[in-house]
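Structure first, commentary second.
Bear in mind that the values in this text are calculations on the coordinates, not laboratory data. The model shown is predicted, which means the values in this text are computed figures rather than measured ones. No Cβ is skipped: glycine too gets one built from the backbone with ideal geometry, and neighbour counts run over all protein chains shown.
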Amino acid sequence: MMHLSLCTISFRHHLISLPELATFAARSGLDGIELWAAHARHLRDQPGLNGQWLKAMNLDVAMLSDYLPFQGPLHTGQEKLTELCELAQHWGTRKLRIFAGQTASADASAEHYQQLVMRLQQYCQQAHSHGCELLLETHPDTFADTTQATLKLLGDVNHAALKVNLDVLHIWEAHEDPVKAWHLLSPYVHHLHFKNISRRELLPVFAPANVYSAAGDRSGLVPLFEGAYDYQEFINKLPRDRVHSASLEWFGPDPHWTVAHDAQKIRALSSAKKCLA
């Protein structure tokens, strides 16, 4: 079973309200919304928009996505995490997506790595006290850029509140098999990110400085089942006895059409898979 969400970050350059997005999500057969924390902060002056409001539309907030600092004063990060946990409670979610620093695992010194482990342990304890969990996204130029680096980090932090947001394409970018990565990380995987690219050499388009920019390059961004990575194979190989929570992470033009199109394709694939079971 697949619990599908849209990402509000996909609409970051569009003049559109959350009620409009929620209506679109419901009509498109989606189950939820991955709420970018920057958007959640700007919705504070509309307290009627919350988890209960979404529940009435048969939707939920699958995950709140943000970034925590791993350098500088600890209290700065703790204050931000407290805010994120309060936002998560308002929206009825436990999952907070973060990144594991800004350094590739192969480039990190032992000292830098230990500092990140200690900071993550402190963040995990704080999140746990608020009933939240931290999901490390598998992403280039972070400590969670490969399956083995992610497993090592999970083991060294050793806290029940630390989980994984498996970004399928970025694991493939690391020249790994995402299906194998899922099985190795499955006890920790609490969310998935789905996106695709037309050719491997165009993967740098997802660099944050480019993809968040309104004037950024969008070369190679394609619907989920039209790209270089085979999502049909990935979805077909996911175990059927588990609910898989996933977000359609689209950064290109016309997000309404693409998100609805990809959701429809996934639903059709899942239905066919169920019939063959």
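Out of the residues in region 104-142 meeting the condition of being under 20 Å from Ser186 (Cβ atoms) and of a type outside the set (S, T, N, Q), tell me which one is surrounded by the most Cβ atoms within 10 Å (Cβ to Cβ).
Among residues in region 104-142 that are under 20 Å from Ser186 (Cβ atoms) and of a type outside the set (S, T, N, Q), the one surrounded by the most Cβ atoms within 10 Å (Cβ to Cβ) is Leu134.
Given the options Ala40, Ala88, name the one that is touching a Cys at 6+ places or on another chain (Cβ under 6 Å), over 23 Å from Lys152 (Cα atoms) and not in a loop (DSSP other than H, G, I, E, B).
Values: Ala40 fails: touching a Cys at 6+ places or on another chain (Cβ under 6 Å).
Residue meeting the stated conditions: Ala88.
With the requirement that a residue be of a type in the set (A, V, I, L, M, F, W, C) and free of Cβ contacts under 8 Å to residues at least 40 places away in the same chain, what does region 216-227 give you? Please lay out each step first, then the result.
To start, the set of residues in region 216-227 that are of a type in the set (A, V, I, L, M, F, W, C) comprises 221-222, 224-225.
Passing the criteria: Leu221, Val222.
Residue by residue, here is whether (1) in contact with a Leu (Cβ under 8 Å, 6 or more places away or on another chain); (2) without any contact (Cβ under 8 Å) to a residue 12 or more places away in the chain; (3) closer than 25 Å to Leu120 by Cβ; (4) not in a strand (DSSP E or B) holds:
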site: Gln52; (1), (2), (3), (4): no, no, no, yes
site: Gly72; (1), (2), (3), (4): no, yes, yes, yes
site: Glu79; (1), (2), (3), (4): no, yes, yes, yes
site: Thr93; (1), (2), (3), (4): yes, no, yes, yes
So Ser213 clears everything in (1) closer than 17 Å to Cys7 by Cβ; (2) without any contact (Cβ under 8 Å) to a residue 24 or more places away in the chain; (3) small (Gly, Ala, Ser); (4) part of a helix (DSSP H, G or I) except one condition, right? Which one? (4)
Quick one: in region 54-66, of everything that is not aliphatic (A, V, I, L, M) and not in a helix (DSSP H, G or I), which residue is farthest from Leu84 (Cα to Cα)? Asn58
His183 - would you say it is out of contact with any Leu (no Cβ under 6 Å at 6 or more places or on another chain), under 22 Å from Pro140 (Cβ atoms) and assigned to a strand (DSSP E or B)? no
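When you scan region 228-252, how many residues do you find that are of a type outside the set (Lys, Arg), assigned to a loop (DSSP other than H, G, I, E, B) and either touching a residue at least 40 places away in the same chain (Cβ under 8 Å) or within 19 Å of Ala181 (Cα to Cα) (or both)? Let's see the steps before the verdict.
Let us first name the residues in region 228-252 that are of a type outside the set (Lys, Arg), namely 228-236, 238-239, 241, 243-252.
Adding the requirement that they be assigned to a loop (DSSP other than H, G, I, E, B) leaves 228-230, 238-239, 241, 243, 249-252.
Now restrict to residues that are either touching a residue at least 40 places away in the same chain (Cβ under 8 Å) or within 19 Å of Ala181 (Cα to Cα) (or both): 228-230, 238-239, 241, 243, 249-251.
Adding up the residues that qualify gives 10.
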Only one of (1) touching a residue at least 40 places away in the same chain (Cβ under 8 Å); (2) at negative phi; (3) among the small types (Gly, Ala, Ser) is not met by Gly29, so which one is it? (2)
